[in-house]
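The values are calculated or read from the model by the stated rules, or taken from the named source; none is laboratory data. Source: prediction; values computed, not measured. Heads up, the Cβs are rebuilt from the backbone with ideal geometry, glycines too, and the neighbour counts pull from every protein chain shown.
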Amino acid sequence: METMKGAIFDLDGVLVDTAKYHYLAWKKLANQLGFDFTEEENEQLKGVSRVRSLEILLELGGIEKDELEQSRLREMKNDWYLTFIKDMTEDELLKGAKEYLLQLKKEGVKISLGSASKNAVSILKSLNIYELFDVIIDGTKVTNAKPDPEVFLKAAQGLGLSPEDCIVFEDAQAGVQAGKAAGMYVIGIGTKENLPEADKVVAGLYELVK
Ligand code: B16
Ligand code: MG
């Protein structure tokens, strides 16, 4: 922790709780396809790319769709999701998120986003924290989804830092694995039971605010 030169933040579940809107949109899709989708099942989609999320959903519903139909379904889900987050404001930032980002800025730590979301930039703008990021690596810039380390390696590269100088903040197991695979120190946001591979676990960024 002492050597932190760069901080790389996952978005959903770390800075903002967009998971509930992802869930509502996937549930709506599942219902249209004729099956239900529970909050417990939704845990499997956290931190997972849109493409993979749909595959998991269809597996849960026991439904097969070809790639063309899958891309139509992903688009439908995303349109609903965008409607849900349209009116999002700073109020939806998770506790301590902005304070912690400002604290790191003051300490001279470089800040990057490392998210699977293709909607990350518009979300950061709605939350009024876009300007705090030196680098943004999101779902539009990576080809390999977490647990592949690509997103975090690109973030470190963008910051001009080596992986061991960066700390990753992640709420999803696949994200923690990606951070470790990138050779970084990982702070899990959640519980030790959910994120056993993280180097340290806190309940939220508010615990780190001085
Ligand atoms: P989109 P993160 C992830 O964000 C979400 O946790 C995951 O549920 C979502 O499917 C994924 O982004 C893709 O999002 O559909 O907006 O491209 O946790 O990596 O910040
Ligand atoms: Mg996340």
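Beta carbons closer than 6 Å, at least 6 apart along the sequence or on distinct chains, pair a first residue in the range 1-26 that is within 19 Å of LYS154 (Cα to Cα) with a second that is assigned to a loop (DSSP other than H, G, I, E, B) and away from ligand 2 (no atom under 16 Å from the Cβ) for MET4/VAL109; LYS5/LEU161; GLY6/LEU161; ALA7/VAL109. The helices (runs of 4 or more DSSP H) located wholly in the range 1-120 that include 1 or more residues which are under 19 Å from the mean Cα position of the chain (by Cα) and within 12 Å of ligand 1 (Cβ to nearest atom) occupy 19-33, 39-42, 50-61, 67-85. Taken over the range 1-60, the residue count meeting the criterion of being in contact with a Cys (Cβ under 8 Å, 6 or more places away or on another chain) and buried (at least 19 other Cβ atoms within 10 Å of the Cβ) is 3.
Selection over the range 162-173 of residues that are surrounded by fewer than 19 Cβ atoms within 10 Å (Cβ to Cβ), farther than 19 Å from TYR100 by Cα and touching a residue at least 24 places away in the same chain (Cβ under 8 Å) gives a count of 1. Residues in the range 4-41 that are farther than 13 Å from VAL168 by Cα, touching a helix residue (DSSP H, G or I) at 6+ places or on another chain (Cβ under 6 Å) and among the β-branched types (Val, Ile, Thr): VAL16 only.
Consider the range 182-206 and keep the residues that are surrounded by fewer than 17 Cβ atoms within 10 Å (Cβ to Cβ) and out of contact with any strand residue (DSSP E or B) (no Cβ under 7 Å at 6 or more places or on another chain). The one that is modelled with the lowest pLDDT is ASN194.
Listed by first and then second residue, the pairs linking a residue in the range 132-146 that is assigned by the TED database to the domain that holds LEU101 to a residue that is in a loop (DSSP other than H, G, I, E, B) and of a type in the set (Lys, Arg), with Cβ atoms under 8 Å apart and 6 or more places separating them unless they lie on different chains, are ASP138/LYS118; GLY139/LYS118; THR140/LYS118. Would you call LYS154 outside any strand (DSSP E or B), without any contact (Cβ under 8 Å) to a residue 60 or more places away in the chain, in contact with a strand residue (DSSP E or B) (Cβ under 9 Å, 6 or more places away or on another chain) and under 25 Å from ASN78 (Cβ atoms)? For LYS154, the condition - outside any strand (DSSP E or B), without any contact (Cβ under 8 Å) to a residue 60 or more places away in the chain, in contact with a strand residue (DSSP E or B) (Cβ under 9 Å, 6 or more places away or on another chain) and under 25 Å from ASN78 (Cβ atoms) - is met.
For the range 64-83, the count of residues that are surrounded by 18 or more Cβ atoms within 10 Å (Cβ to Cβ) and of a type in the set (Gly, Ala, Ser) is zero.
Quick one: in the range 18-47, which of the residues that are hydrophobic (A, V, I, L, M, F, W, C) and closer than 16 Å to GLU75 by Cα is farthest from ligand 2 (Cβ to nearest atom)?
From the range 18-47, those hydrophobic (A, V, I, L, M, F, W, C) are 19, 24-26, 29-30, 33, 35, 37, 45; that's our starting set.
The next check asks that each one be closer than 16 Å to GLU75 by Cα; those that pass are 24-26, 29-30, 33.
Values: LEU24: 17, ALA25: 16, TRP26: 15, LEU29: 20, ALA30: 21, LEU33: 25 Å.
Once the filter is applied, the top-ranked residue is LEU33.
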